[in-house]
Amino acid sequence: MDGLIKMGEIKDYPSFLAGLIIVLAVVLTAMLAPLISPYDPIEQNMPHALQPPSAYHLLGTDPYGRDVLSRIIWGARVSLYVGLLSATIAMIVGVPFGALAGQLGGIADALLSRVIDIMLSFPGIILAIVVMSILGQSVDNTVLAISLAMIPRFARLARGEALQLSVQEYVQAAKASGAGNLDILVHHILPNILSPILVQYSLSIGSAIMIEAGLSFIGLGVQPPTPSWGEMLSLGRQYLYTAPWLSLFPGLAIMLTVLAFNLLGDGLRDMLDPRLKRV
């Protein structure tokens, strides 16, 4: 990662810094949910149903009397779990296959390219819906469905980078010295495509959170009473005029979290791409 800068220079990249601060805040909120959540997120209290924001319920309550703030705090756990794990699995699976195909070329590259093209022809949310319909509804199946939908992104990126690197002199020299394909992949290809992969990883976390919210919104993701931002949005759409806080605050949580990971990805791109380095 030759383009990596010193920690003291992070202040020169405001988008990265802003994204990092928000991401850390969301992560800390999720980690400290049992300590900072004012109420039980799944305990129903019907006499307090649909109360507007007040000193007792800062973000109001839902139709079952559950505290909206508490459910948003606990919902951060689900969103981060699904987003981080889905993007990680997609990266671990997609990058090696894409890089190896780009390095080998020929039939292997052609076959993988066609598979990637077919998978990319379906929007990620549609592919995830198909997988969830087959596997059933659970958090782990949601992770698997989103991972499968995102693998082509990493594979295509890694393939393109590997194609460029495979013609470089140091790679050709390694081949001439008798190094095997796996050795070249591990020691010469993967370390040199790490920067764009990290950028894609950060952006993919935000995309995975959006897909999870979409699946939960239509009832195919995390199932009630487990707190989920998408499920909260789905519940709140019935009360847009009478209780707008039910949709407003979960929507803001999704927007800020996805924005933070996108800012983080843009900042990483600026930091790690030598062509974008500031003089």
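Matching residues to (1) over 21 Å from the mean Cα position of the chain (by Cα); (2) crowded, with 20+ Cβ neighbours inside 10 Å; (3) assigned to a helix (DSSP H, G or I); (4) at pLDDT below 90:
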| site | (1), (2), (3), (4) |
| --- | --- |
| Asp2 | yes, no, no, yes |
| Phe16 | no, yes, yes, yes |
| Leu28 | no, no, yes, no |
| Pro38 | yes, no, no, no |
| Pro52 | yes, no, no, no |
| Leu58 | yes, no, no, no |
(message) Please pick out the residue among Leu144, Leu194 that is modelled with pLDDT of 90 or more and surrounded by fewer than 23 Cβ atoms within 10 Å (Cβ to Cβ).
(response) Leu144
(request) Considering only the stretch 103-132, state which residues are over 30 Å from His187 (Cβ atoms) and either touching a Cys at 6+ places or on another chain (Cβ under 7 Å) or free of Cβ contacts under 8 Å to residues at least 60 places away in the same chain (or both). (result) Ile118, Ser121, Phe122, Pro123, Ile126, Leu127, Val130, Val131
(request) Identify the single condition in (1) at positive phi; (2) surrounded by 21 or more Cβ atoms within 10 Å (Cβ to Cβ) that Glu212 does not satisfy, given that it satisfies every other one. (result) (1)
(message) Considering only the stretch 69-82, I want to know if a residue exists there that is small (Gly, Ala, Ser) and either at positive phi or not in a helix (DSSP H, G or I) (or both).
(response) no
(request) Search the stretch 170-186 for residues that are on the phi > 0 side of the Ramachandran plot and in a helix (DSSP H, G or I) and pair each with any residue that is exposed (fewer than 14 other Cβ atoms within 10 Å of the Cβ) and modelled with pLDDT of 75 or more when their beta-carbon atoms are under 8 Å apart and the residues are at least 6 apart or on different chains. (result) none
(message) Tell me the residue from Leu85, Leu163, Leu111 that is in a helix (DSSP H, G or I) and at pLDDT 90 or above, please.
(response) Leu85
(request) With the condition kept exactly as written, say whether any residue in the stretch 253-267 is without any contact (Cβ under 8 Å) to a residue 12 or more places away in the chain and over 30 Å from Leu100 (Cα atoms). (result) yes
(request) Look through Leu100, Leu135 and report the one residue that is in contact with a helix residue (DSSP H, G or I) (Cβ under 9 Å, 6 or more places away or on another chain) and without any contact (Cβ under 8 Å) to a residue 40 or more places away in the chain. (result) Leu135
(request) Out of Ala90, Ala99, Ala108, report the one residue that is closer than 30 Å to Val167 by Cβ, crowded, with 22+ Cβ neighbours inside 10 Å and more than 20 Å from the chain's Cα centre (by Cα). (result) Ala99
(request) Identify all residues within the stretch 64-91 that are more than 30 Å from Ser54 (Cα to Cα) and in contact with a Phe, Trp or Tyr (Cβ under 9 Å, 6 or more places away or on another chain); write none if there are none. (result) Gly83, Ala87, Thr88, Ala90, Met91
(message) Quick check on the stretch 245-258. Is at least one of its residues in contact with a Gly (Cβ under 7 Å, 6 or more places away or on another chain), closer than 23 Å to Leu165 by Cα, of a type in the set (Val, Ile, Thr) and assigned to a helix (DSSP H, G or I)?
(response) no
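The values are calculated or read from the model by the stated rules, or taken from the named source; none is laboratory data. Since the structure is predicted, the reported quantities are computational estimates derived from the model, not experimental observations. For neighbour counting, all protein chains shown are included, and Cβ atoms are generated from backbone atoms with ideal geometry for every residue, glycine included.
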